[in-house]
Amino acid sequence: MTVLDRAGEGRVQPLEGVHNFRDYGGYRVAAGTLKRGLLFRSGQHAGAGAQDLDRIHALNLRTIVDLRGDAERAVMPCARHPEFGAEVLFAPGETAGIELAPHEEAGAGIATAEEARAAMTRLYENMPFRPVLVKSLRLYMAALANGEGASLVHCLAGKDRTGLAVALVHDLLGVHPDDIMADYLLTNTAGNREARIESAAAGIRDRYGAAMSDEAIVTLMSVEAAYLDTAMAAIRARHGSVADYARDVLGADDAWRGKVEARLVE
């Protein structure tokens, strides 16, 4: 059971040029309830207009962790409020294919929704172990434990790399598995879904040709429970548990959990 409606009531920020911007606090965890207004996730901010930037500025973000790679940041630099003062953290290098977000990378050589689904599933199987993404996730875990105020984690579309990051945090803090999955799947309905898909469709078709079906593009720009299940299963297969992976790979051990609970749980 969640504190707030799983469908996104009270979570999703009504932004025009930034997709999938939402609060992922408010869920019950082992030590209480995750605080609201401190944990945010989104897609990239390159298309943010003045009103979007005002709304984001009002959240008083202190830390932003950008899970994109260098090439993505160069092509789509985030717009910033004139009074922007948050610390932006990222690991140098590429967290996906060069100049590609995961959904774009998965689009190579596919034409149908079935092929897109299979490609996304393969991508998730390896995503938790990509070296530069792991470095970025380590930065995020450290920021949650040691930072102050509100934080935001984002990638390009805010659904794959960001979805994995948030699911890991939720899992480590004891969010119910049903709530972990509900938050992950909220990508499919949060904000203006059609605009988010359309924003990526032209680029995907330019890269891979017009033969890709509309259904395949929708699949690439959506999330499915099987994707996250695949990532978590791969983590358990290599490390035994999500907690062991977090400790050994991301530096998020019992001491980390204690610090995060002290900061973010009420």
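Where nothing but the Cβ of Lys and Arg (+1) and of Asp and Glu (-1) is charged, how large is the charge dipole of the chain around its Cα centre, in debye to the nearest 20?
540
Counting every Cα pair in the chain, what percent are over 23 Å apart? Walk me through the numbers on the way to the answer.
Values: 17127 of 35245 pairs.
Of the Cα pairs, 49 percent sit more than 23 Å apart.
Rounded to a whole number, what % of the accessible area of the chain do carbon and sulfur atoms account for, probe 1.4 Å? Don't jump to the answer; show the numbers that get you there.
Details: 5590 of 10940 Å².
Exposed carbon and sulfur together represent 51 percent of the surface.
Among 248, 23, 66, which one shows the biggest mean-square fluctuation in a GNM of the chain, springs joining Cα atoms closer than 10 Å?
Maximum fluctuation in the GNM of the chain, among the listed residues, is at 248.
Note down the net charge around residue 62, summing +1 for each Lys or Arg and -1 for each Asp or Glu among other residues with Cβ under 11 Å from its Cβ. Could you put the intermediate results ahead of the total?
Values: positive: none; negative: 87, 148.
In short, -2.
Looking at 149, 24, 212, which one has the Cα that reaches farthest to the positive end of the dipole of the chain (charges on Cβ: Lys, Arg +1; Asp, Glu -1)?
149
If you count only protein heavy atoms with a 1.4 Å probe, what accessible area per residue comes out for the chain, rounded to a whole Å²?
Working: 10940 Å² over 266 residues.
Per residue, the chain has an accessible area of 41 Å².
Can you list the lysines whose alpha carbon is less than 17 Å from that of residue 259, not counting same-chain residues fewer than 8 positions off?
35
Of 75, 49, 96, which is farthest along the charge dipole of segment 30-100 in the positive direction, counting Lys and Arg as +1 and Asp and Glu as -1 at C-beta?
About the Cα centre, the residue reaching furthest to the positive side is 49.
The values are calculated or read from the model by the stated rules, or taken from the named source; none is laboratory data. For clarity, every value in this text was computed on a predicted model and none was experimentally measured. Neighbour counts are summed over all protein chains in view; Cβ atoms, including those assigned to glycine, are modelled from backbone coordinates with ideal geometry. Calculation scope for accessible area: heavy atoms of the full protein, side chains included, ligands and nucleic acids excluded. Shrake-Rupley method; radii C 1.70, N 1.55, O 1.52, S 1.80 Å.
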